[in-house]
Every structure is written in C-alpha cells, then in structure tokens.
Amino acid sequence: MTDPVPPVIIFMVGALLVPFIKGRWKSAFLLAIPVVGFINLISIGEGTHWVVGFLDYRLVFGRVDRLSLLFGYIFHIIAFIAILYSLHVKENLQHIAGLVYAGSALGAIFAGELLSFFVFWEMLTVSSIFLIWARRTNAALGAGFRYLLVHATGGLCLLAGIVLHVNQTGSIEFGYLGLNGLGTYLIFFGFGLNCAWPILHTWLTDAYPEATITGTIFLSAFTTKVAVYALARAFPGTEALIWIGAIMTGFPIFYAVIENDLRRVLAYSLINQVGFMVCGIGIGTALAINGAVCHAFNDILFKALLFMSMGAIMYRTGKINGTDLGGLYRTMPLTCVFCMVGAASISAFPFFSGFVSKSMVMDAAAGGHMRIIWFILLFASAGVFHHAGIKIPYFAFFSHDSGMRPKEAPIHMLLAMGIAAFLSVFIGSFPGALYSLLPYPVEYVPYTAPHVVGQTQLLFFSALAFTLLLLSGIYPAEMRCINLDADWFYRKGGRLFFHVMDRTLNKINRVCERVFVGGITGSLARISKDVVPRFILLGMVSFWILTGSRGEVLQMKKMNVYNDFLKGTLPVGIGAGVAGFFIVLLFVLS
Amino acid sequence: MKEQNQQSSINNHQSKPYLFDKPKNVKILLRCFYCSLLVLLIIEFFLHKHPHFAWEGWPEFYAVYGFVACVVLVVVAKYILRPLVKRREDYYD
C-alpha cells in the first residue's frame, strides 16, 4: 500500500481530471474520489504530517488530531452524498467547483499553520462562487457578486489579523489563539463572518437559496462548518461566543416563520443550528466542545438532507416558494419521508441525530448555570421544530393541493437522501459510534427518561401550537414578498454610494471636460496653429508699409507669407531670417 | 413535455384519491396526535426527575414552554417583524 497523501490532493487531482473523463465512467469516477479520499484518510495516523519549508516558515499540511479527523470524516461522507445527488448534472464546471470546494475545506481543517489555512480558506470562497453563478439567473449573478464582496472583506480582515499576529508572536502556528490584541480580534471577526454571525449573516441567506439545486448541498456543508472548526481550534471558551451563538439560535427563526422561499427558510435554520455550535464553543467545557462538534457532524447530514429534499422538488417542479407548492406527498412519497426524517433530526426528536448532540450543548449551558442562555436555546429548540420541522414538510408536501403531480425524484437523488437519512437515524439511535470519535472522552448519556419525555413534550406541544394557530387562521400565510434583513445596508447603501459617487464625480468629470478638453485645449490649439505667422506678419507688414507696398500687393504678400508658414513651404532664407528675428526679439525682451 | 406531464398528472389526480384526500384520515391523524399529547402529560408524573434548574422540576414545564414559545414566535413574527420588513418582491430591482 502506498503512503497516504494530504486529503486535499485527492480532491484537487480528481477535479483536474473531470473534463477528461467522458461517458458512463464519469459517474463512477466522481463517486470514487471521496471513497479513495476516505480510505486515504483512515490510513493517516494522528500526528503532524507533510511539513514543507516555505521562506522562513514551515507549512504543515497534515495536523491530524481527533478534532480535525472528525471534520475530515464528515466532509468525505457529505462530499460522497453531494456528488451522488448531483450525478445528473452534465456541466463539468459544477463538478469541478464542488470538488475543489470540498478539497479546500479538507485542506483548511488539516492545515497546521495560518498561512496555508488562509490560502485554503480563500479557495473555499472562490470555488463556492461558481456553485452560485452556475444557476445562470440574474438573481444568482447578483447574489454571487455580493457573496464574493462580503467574503473578500472577511478574508482581508483575516489576512490582516494573521499578519499582525505573526508579526507580534513570530509564530504562524494555528492553535489556541484567544482574544488578545488587535490581530486576534481581526482573525476572530474573519472567522465570524464565515460562521454567519448576526448582522454578518446575510451573505448566507442571500446566496444559498440562489445557488444551483446541487450546489446548495455542497454550500450548506462546508463554509460555515470550516468556520466552526476554526473557532473550536482557536477560540474555545471565549465568552463572547456564548452570546453570539445564543443570538444566532434565536433571531433567524422569526425570519424563517415569515419567509416564503423554502430554501431560504432552511438557510435561516442553518444559522440557527450553527448558533448552537458557536454557543457550545463559547462555553468551552469538554462537554460543550464535544456537543458543538458532534452537532456540526449531525447538522451537515440533516441540513443536507433537507436541502436535498427541497432540491428534488425544485428539480421536478421548478418551484420552491411555499405559495406555489403543496400536496406533493401524493406523488413524491419517498422524498416526503426523507424530508420528514431530516425535519425530525433537526428538531432533535428522540432516535434522530439532533437529539444526541443538541442536548449536549444545552446540558453544558445548564451545567454552567447560564439561565438566560439556556432559556434562549430552549426557545430556539422549540422554534426550529416549528419552522424547519413542521413548516418545511407541511407547506411542501401537505397543506393545500397545488395540483402538481410531479414524478418521484430520480434514483440517484433518492439514494443520496437515503444515505443521509439512514445516517441521521443511525446516529440518533446508536450515538456511541459518533461519541467515540469526539475530541474529548464522553460521559454524557442522552437517553434518560426525563430527557426523552421533556424533549418530546416540548416538540409535541409546539406542534400543537402550530396546529391550533393554523386551524384558527392566525398562522401567517405564505406571501410573495421579500423580507428586509441586514443586507439592506449594503444593497441599498451600495446603491446610494453609487448614486452619490455618480452625481459628484461624474459632474466634476463633465466640468473638467468642458474646461480643459473643450475649452483650454481647444483655444491653445487654435492659438498655436497660427501664432507664429501672425507674429511674423506683425513685423513684416510694418516693414512692407515702410517699403511702400499698399492695397492689393500688400494683401497678396500677407496671404503668401501666411500660407507658406502654415504649409511649411517657406524659402530657406526667410525661415532663417524669421529665426534670427525671433532670437533678436527674445534677446530684446529678456 | 412539461405540459404533457402536467396534463397527465391532472387526470391522475381526478382518478386516484390519496391518503389525506379523505377528511376521515385527517381526523384520525389529529385524534392520534391529541391522544399522544395526553399520554405525554400524564407519563411525566411517573418519572423521577433530576433537574439542573428548579423550574425543570415543575409539572409540565416543557409542555407549557414549548406551546407558549411557539405562540410567541408566531405572533411576534406575524404582527411585529412582518410589518417591519415586508417589501414587494421587486424591491431591490
């Protein structure tokens, strides 16, 4: 057996080879990439591998420990699922972008220092943008550009932070940083932007629902989870994260209730779930960190599952708004079941994956006597069931009959959803397997009678609230509209900036053109054209008058000299005379 | 192609009644749901709880919290957030 290679290499080489493989081998080749990658991954031992000298620094491409390995496993699994789901896509661009994107995520989590980490971090942005633009709609193009600009800002902050930090400490090692000094604050902010912190989150809810059907599956898995990994690596136990995480769990659910685009509802619930992870990292105890990364693992699976089920609907009907859908359980029963498994998992029903990880964070908050945080998280747990657990399946598959009878999703999509659904149920039912992979030893027992009953009560009674609100007509109807969010500031603000710049700069430009191009330059040109002959004539005419030339003769002489000058056909003698006259004049004047 | 599909699917719709097309089935589902709620409320009294916080020990805490939280969520989203942020679909165009 050959020596293992950095996991990123397999995906990058695979991506490069995609255009050369045609026909039916293509599907097999695409699927083989994450499989080979996974075999390669499990043959890598824990420790530090692939250290390369670069300038005065040592780049580490393989810092392999329990934290990075766990993310490595799930990134391979989800890459396989996402590739399987997108096998119908003929366009090479999307496959390549997806593979490079997954590869960059792997590169980032196994990077042992900040330089190569930063490079992979930026590659995440660049490759993911093509998954958005590949949709080829105006909305996707615009959202893609906004996504790029926001991430470029975050990337520059991160870079500035890294430069300051390296300058301060002299070390490029990527380990625990903590908040001390401007450099680390900038790094913290850079991570936070990719993590979709409140107010910085709008790139996610703006761009993900505009991406291609298959691209969104990749997108939902990598960018935010790499940021969660980075926070867990560099800022565990940072108190600010507790509050940031709690707010992240809380505010998106209000938006999710009134949002019409079902993939945007899922984007809001993605932020809500990442909030649990961020909060856990902020609490920073072994239980909390375990809970955070365990929840990241599960969230990647069930969020992808939910996005896949919505993608399947979009693929078959071309529609994704709650107002256009409904009643699809009739002809898409399997997709419906898979969607409900995803919904049950994200809502943390007993025997589904969310149950065994979310409660770890809740318990860690309770263990730290954080009352308000605990109440917010509990509120968010009830809320997420409300919008992702009930709203998504209800408005897509049940609700009023839209009259559409689309075919069931294609077989490869069903398989991809089936794998994700199986894993969600398996982890929920047998959490021991996943627990054994977590960074710290696990003593937590999720299945106690009070926990199971308490959680089921919470969920069932929020379902009751949904039912009663719906039957009484209070539940807000789905509407064709957009809901303003923090992106208003740069979308409208950007336009305002453009108008202000347009008005002022272009006005200055026009004035300058009138004065300099049309005015001064023109006059200068006109003057320069015949300034010499006019000047000469001034002297010559007085001379001719003195020598007695008058009338037509004088006019003719004037014309001749003037024309000769303009055409440059003066007899040599006159030219020399003029030059001499000019020199004398200069001498006299000076 | 798409139109054909839709056409055939509409015909399909008329000929075949599905699970929840019958109001009786919806009624059965709702009844099962209400029964399970009742069971959940009762079962709690047979459990030995070990709460982190005092209020976790109160009877039916989770049930009440789940219900109230969702009503608050929907009411706030509908009557406060939506009027504030709702705009026409072409707002940014």
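Of all residues in segment A:357-374, exactly one satisfies the criterion of being away from chain B (no Cβ under 11 Å) and basic (Lys, Arg), namely A:LYS358. Only residues that are over 14 Å from A:ILE74 (Cβ atoms) and part of a helix (DSSP H, G or I) were counted across segment A:226-243, and they come to 10.
Beta carbons closer than 8 Å, at least 6 apart along the sequence or on distinct chains, pair a first residue in segment B:76-93 that is within 7 Å of chain A (Cβ to nearest Cβ) with a second that is of a type in the set (S, T, N, Q) and surrounded by 14 or more Cβ atoms within 10 Å (Cβ to Cβ) for B:LEU81/A:ASN483; B:ARG82/A:ASN483; B:VAL85/A:ASN483; B:LYS86/A:ASN483; B:ARG87/A:ASN483. When A:TYR475, A:TYR440 are checked against the criterion of being of a type in the set (Ser, Thr, Tyr), in contact with a helix residue (DSSP H, G or I) (Cβ under 6 Å, 6 or more places away or on another chain) and at pLDDT below 90, A:TYR475 stands alone in meeting it.
Exactly one residue out of A:PHE498, A:PHE489 is exposed (fewer than 11 other Cβ atoms within 10 Å of the Cβ), within 14 Å of another protein chain (Cβ to nearest Cβ), out of contact with any Pro (no Cβ under 9 Å at 6 or more places or on another chain) and part of a helix (DSSP H, G or I), and it is A:PHE498. Annotation for segment A:506-514: no member residue is over 30 Å from B:TYR92 (Cα atoms), assigned to a helix (DSSP H, G or I), acidic (Asp, Glu) and over 44 Å from the mean Cα position of the chain (by Cα). Taking segment B:52-75 as the range and being more than 20 Å from A:VAL257 (Cα to Cα) and either more than 8 Å from chain A (Cβ to nearest Cβ) or in a helix (DSSP H, G or I) (or both) as the test, the residues that pass are B:ALA54, B:TRP55, B:GLU56, B:GLY57, B:TRP58, B:PRO59, B:PHE61, B:TYR62, B:ALA63, B:VAL64. Scanning segment A:435-451 for residues that are in contact (Cβ under 8 Å) with a residue 24 or more places away in the chain and within 14 Å of chain B (Cβ to nearest Cβ) yields a count of 3.
Going through segment A:235-284 one residue at a time, which ones are of a type outside the set (A, V, I, L, M, F, W, C) and within 14 Å of chain B (Cβ to nearest Cβ)?
First, the residues of segment A:235-284 that are of a type outside the set (A, V, I, L, M, F, W, C): A:236-239, A:245, A:249-250, A:252, A:255, A:259-261, A:263-264, A:268-269, A:272-273, A:275, A:280, A:282, A:284.
Within segment A:235-284, A:THR249, A:GLY250, A:PRO252, A:TYR255, A:GLU259, A:ASN260, A:ASP261, A:ARG264, A:TYR268, A:SER269, A:ASN272 meet the criteria.
Would you say A:ILE283 is assigned by TED's automatic domain parsing to the domain that holds A:PRO439 and not basic (Lys, Arg)? Spelling it out, A:ILE283 is indeed assigned by TED's automatic domain parsing to the domain that holds A:PRO439 and not basic (Lys, Arg).
Does A:THR504 count as among the polar types (S, T, N, Q) and either touching a Ser or Thr at 6+ places or on another chain (Cβ under 7 Å) or at pLDDT 85 or above (or both)? Quick ask: steps written out before the conclusion?
Numbers: among the polar types (S, T, N, Q): yes; either touching a Ser or Thr at 6+ places or on another chain (Cβ under 7 Å) or at pLDDT 85 or above (or both): yes.
When the stated conditions are applied, A:THR504 passes them.
Residues in segment A:375-399 that are within 12 Å of chain B (Cβ to nearest Cβ), over 18 Å from A:VAL425 (Cβ atoms) and within 30 Å of the chain's Cα centre (by Cα): how many? Matching residues across segment A:375-399 total 15. You will find that of A:GLY432, A:GLY454, A:GLY428, the residue that is buried (at least 16 other Cβ atoms within 10 Å of the Cβ), more than 7 Å from chain B (Cβ to nearest Cβ) and at pLDDT 85 or above is A:GLY428 and no other. Note on segment A:29-50: residues that are free of Cβ contacts under 8 Å to residues at least 24 places away in the same chain and surrounded by 11 or more Cβ atoms within 10 Å (Cβ to Cβ) amount to 5. Scanning segment A:460-473 for residues that are closer than 15 Å to A:ILE258 by Cβ and either facing chain B (nearest Cβ under 7 Å) or of a type in the set (Ser, Thr, Tyr) (or both) turns up A:PHE466, A:LEU469.
Going by the conditions given, is A:VAL532 under 17 Å from A:PHE581 (Cα atoms), assigned by TED's automatic domain parsing to the domain that holds A:ILE583, in a helix (DSSP H, G or I) and in contact with a Phe, Trp or Tyr (Cβ under 9 Å, 6 or more places away or on another chain)? I'd like the intermediate steps shown before the answer.
Details: under 17 Å from A:PHE581 (Cα atoms): yes; assigned by TED's automatic domain parsing to the domain that holds A:ILE583: yes; in a helix (DSSP H, G or I): yes; in contact with a Phe, Trp or Tyr (Cβ under 9 Å, 6 or more places away or on another chain): yes.
In short, yes.
Taking each residue of segment A:310-321 that is within 19 Å of A:ALA416 (Cα to Cα) and assigned by TED's automatic domain parsing to the domain that holds A:SER402 and looking for partners that are surrounded by fewer than 19 Cβ atoms within 10 Å (Cβ to Cβ) and among the charged types (D, E, K, R) with beta-carbon atoms closer than 7 Å, six or more apart or interchain, yields A:ARG316/A:LYS407.
May I ask you to say which residue of A:HIS201, A:HIS151 is within 25 Å of A:ILE281 (Cα to Cα), out of contact with any Cys (no Cβ under 9 Å at 6 or more places or on another chain) and not assigned by TED's automatic domain parsing to the domain that holds A:GLY282?
Working: A:HIS201 fails: out of contact with any Cys (no Cβ under 9 Å at 6 or more places or on another chain).
Result: A:HIS151 is the single residue among A:HIS201, A:HIS151 that is within 25 Å of A:ILE281 (Cα to Cα), out of contact with any Cys (no Cβ under 9 Å at 6 or more places or on another chain) and not assigned by TED's automatic domain parsing to the domain that holds A:GLY282.
Of all residues in segment A:562-572, none satisfies being under 30 Å from A:ASN260 (Cβ atoms), of a type in the set (A, V, I, L, M) and not in a helix (DSSP H, G or I). Restricting to segment A:71-83, what's the tally of residues that are surrounded by fewer than 24 Cβ atoms within 10 Å (Cβ to Cβ) and touching a Leu at 6+ places or on another chain (Cβ under 6 Å)? Here the count works out to 1. Taken over segment A:136-172, the criterion of being hydroxyl-bearing (Ser, Thr, Tyr) and under 30 Å from A:GLY53 (Cβ atoms) is satisfied by A:THR169, A:SER171. Looking only at segment A:190-225, which residues are in a helix (DSSP H, G or I), of a type in the set (A, V, I, L, M) and under 12 Å from the mean Cα position of the chain (by Cα)? A:LEU193, A:LEU204, A:ALA207, A:LEU219, A:ALA221, listed by residue number.
A single entry from A:SER399, A:SER462, A:SER429, A:SER424 fulfils the requirement of being touching a residue at least 40 places away in the same chain (Cβ under 8 Å) and at positive phi: A:SER399. Checking segment A:290-300 against the condition returns no match, with no residue being in the same structural domain as A:SER424 (by TED's automatic domain parsing), charged (D, E, K, R), in contact with a helix residue (DSSP H, G or I) (Cβ under 8 Å, 6 or more places away or on another chain) and surrounded by fewer than 24 Cβ atoms within 10 Å (Cβ to Cβ).
Per-residue answers, yes or no, for (1) within 13 Å of another protein chain (Cβ to nearest Cβ); (2) of a type in the set (A, V, I, L, M):
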position: A:PHE307; (1), (2): no, no
position: A:TYR329; (1), (2): yes, no
position: A:LEU334; (1), (2): no, yes
position: A:ILE346; (1), (2): no, yes
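The values are calculated or read from the model by the stated rules, or taken from the named source; none is laboratory data. Remember, it's a predicted structure, so these values are computed and weren't measured experimentally. Cβ coordinates were reconstructed from backbone atoms using ideal geometry, including for glycine residues, and neighbour counts include every protein chain displayed.
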